[in-house]
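The values are calculated or read from the model by the stated rules, or taken from the named source; none is laboratory data. Everything numeric in this text was worked out from a predicted model, so none of it was measured. Heads up, the Cβs are rebuilt from the backbone with ideal geometry, glycines too, and the neighbour counts pull from every protein chain shown.
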């Protein structure tokens, strides 16, 4: 299996859950499958995002190739919502895919604009002027109901860090819909996990995404911004003015990395490397993996979770941490009343991107063929 197709979400083992809420269960098999094996319009290498409209139609946004395609509630291709380009309703370098009311919304880093796409094919776009800070790239990470933007200022990855795992720092702020108003800073948080390493042939410093690490996850939930630091067993909700709305403790225990799972993760990463490569490239991969999978260079405790996952009912689902995709995924649900009210066990080769009242929408990777498919499972309380 190619790790690069799943981004760093691929190698993830479950932290123990102390409290019991309602148990959610999935249908034994997906009720809808959209597969690139049978439909060329569903073929992609890098996912941007997926979302389901109230009509049941499903939008698939991809970075490689660039575009958004619309599929019927039964999984048949309907039409493209966005094609590559710089014109109205087109995308050049999409960086963000999210939801706003019953539309999907993207931020195009190349065109510096936010575009809203409705299921009927209509689109509207807004050019945005984001505050630029030296050494940082501003990117839209969410849209609030007022039209205000959640923006992350992401640093350029530096060349002075020592070899080994590291995290950068992201600054979060809210840009009001009235761009003349003052931006509201929400704070600085742990960013992407990366591994810096020295290329043996050139002795230059390089970096790669760290498949064992994860950064702070943030998500617009109604009129609030949910923020989850992976090193803290809690989710913090802030108002758009930066004031604390609520803080929800997660009933999970800290644990160390699982050495056996880390060894298996390295095997997956090695298998994902090109089969035909030069000796220099093979040495570069080895240098990267030696640092990435060396537990002596990491904190003793594994992260608590991987990321936050949006829901259509005002709740938030938390995907717990696992080092290895071969283990089942575990999710906790935080309801609108701030209760950790439910949990869900999910197939190991599936990662969910959206939950509804009665469905879970995600991506499944075939471990044998490496083909990615969009899957919709029925979701119910046990």
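Here are the numbers for the structure shown:
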quantity	calculated
Of residues in the stretch 110-124 being surrounded by 17 or more Cβ atoms within 10 Å (Cβ to Cβ) and farther than 12 Å from residue 143 by Cβ, the one modelled with the highest pLDDT	117
Candidate set: the stretch 217-233, residues that are in a loop (DSSP other than H, G, I, E, B) and within 20 Å of the chain's Cα centre (by Cα); chosen: the one nearest to residue 146 (Cα to Cα)	222
All positions within the stretch 44-55 that are surrounded by 15 or more Cβ atoms within 10 Å (Cβ to Cβ) and either in contact with a helix residue (DSSP H, G or I) (Cβ under 9 Å, 6 or more places away or on another chain) or outside any strand (DSSP E or B) (or both)	44, 47, 53
Test for residue 236: is it surrounded by 17 or more Cβ atoms within 10 Å (Cβ to Cβ), within 22 Å of residue 149 (Cα to Cα) and at pLDDT 95 or above	yes
Residue among 212, 172 that alone is surrounded by 22 or more Cβ atoms within 10 Å (Cβ to Cβ), within 17 Å of the chain's Cα centre (by Cα) and not in a loop (DSSP other than H, G, I, E, B)	172
Residue match in the stretch 177-194 (condition: buried (at least 16 other Cβ atoms within 10 Å of the Cβ), closer than 28 Å to residue 288 by Cβ and in contact with a helix residue (DSSP H, G or I) (Cβ under 7 Å, 6 or more places away or on another chain))	yes
Some residue of the stretch 8-23 being part of a loop (DSSP other than H, G, I, E, B), in contact with a strand residue (DSSP E or B) (Cβ under 7 Å, 6 or more places away or on another chain) and at pLDDT 95 or above	no
Checklist (1) more than 18 Å from residue 141 (Cα to Cα); (2) modelled with pLDDT of 95 or more applied to residue 88, failing item	(2)
Strands (runs of 3 or more DSSP E) contained entirely in the stretch 289-376, each with at least 3 residues that are in contact with a helix residue (DSSP H, G or I) (Cβ under 8 Å, 6 or more places away or on another chain)	none
